[in-house]
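Trainee: Below: one structure in structure tokens.
The values are calculated or read from the model by the stated rules, or taken from the named source; none is laboratory data. Quick caveat: nothing in here was measured; it's all calculated off a predicted structure. Here the Cβ positions follow ideal geometry from the backbone for every residue, glycine too, while neighbour counts run over all protein chains shown.
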Amino acid sequence: MKRYDLRNHGVDFIPRLVELMNNEISQDENGIFLFEIGDFSAVQNVADAVKENNWTLMNSLKFNEVDWTVVIKKTQDESTVVENTTETEEE
């Protein structure tokens, strides 16, 4: 489990979060990310990024008046595993 403070990125932290998840977090490992809430759209943006990348949002909570913390688990979509297994068997 690794912790990252993305508050210095302001509202444009999603690309950095995705980069960290892809390059620094191992499969089945959790990442903890701290970011500024802003107008709360950042919370939805995190949820969207998690869904788009087939990760699991483990926890999401308001840390204080201006910060939000999420725990994201890097997982692999089960349907992708099945499809890959099927393709391998056919070859």
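Trainee: Cβ-Cβ under 7 Å, sequence separation 6+ or interchain: first residue in region 46-58 and within 14 Å of Glu19 (Cβ to Cβ) and outside any helix (DSSP H, G or I), partner of a type in the set (A, V, I, L, M) and modelled with pLDDT of 95 or more. Which pairs?
Mentor: These pairs meet every condition: Asn53/Val18; Asn53/Met21; Trp55/Met21; Trp55/Ile72.
Trainee: Just one of (1) within 11 Å of the chain's Cα centre (by Cα); (2) closer than 16 Å to Lys73 by Cα trips up Pro15, so point out which.
Mentor: The one condition Pro15 does not meet is (2).
Trainee: For region 20-58, give me the residue count where each residue is farther than 17 Å from Lys73 by Cβ and charged (D, E, K, R).
Mentor: Total satisfying the criteria: 2.
Trainee: What are the residues in region 57-91 that are closer than 30 Å to Phe13 by Cα, modelled with pLDDT under 85 and surrounded by 10 or more Cβ atoms within 10 Å (Cβ to Cβ), if any?
Mentor: Correct list: Phe63, Gln76, Asp77, Thr80, Val81.
Trainee: Further question: Of all residues in region 2-45, count the ones that are part of a loop (DSSP other than H, G, I, E, B) and either more than 15 Å from Asp67 (Cα to Cα) or without any contact (Cβ under 8 Å) to a residue 12 or more places away in the chain (or both). Reasoning before the result, please.
Mentor: Looking only at region 2-45, we keep the residues that are part of a loop (DSSP other than H, G, I, E, B), and these are 6, 10-13, 24-29, 37-40.
Keeping just the survivors that are either more than 15 Å from Asp67 (Cα to Cα) or without any contact (Cβ under 8 Å) to a residue 12 or more places away in the chain (or both) gives 12, 24-29, 39-40.
Summing the residues that are part of a loop (DSSP other than H, G, I, E, B) and either more than 15 Å from Asp67 (Cα to Cα) or without any contact (Cβ under 8 Å) to a residue 12 or more places away in the chain (or both) in region 2-45 gives 9.
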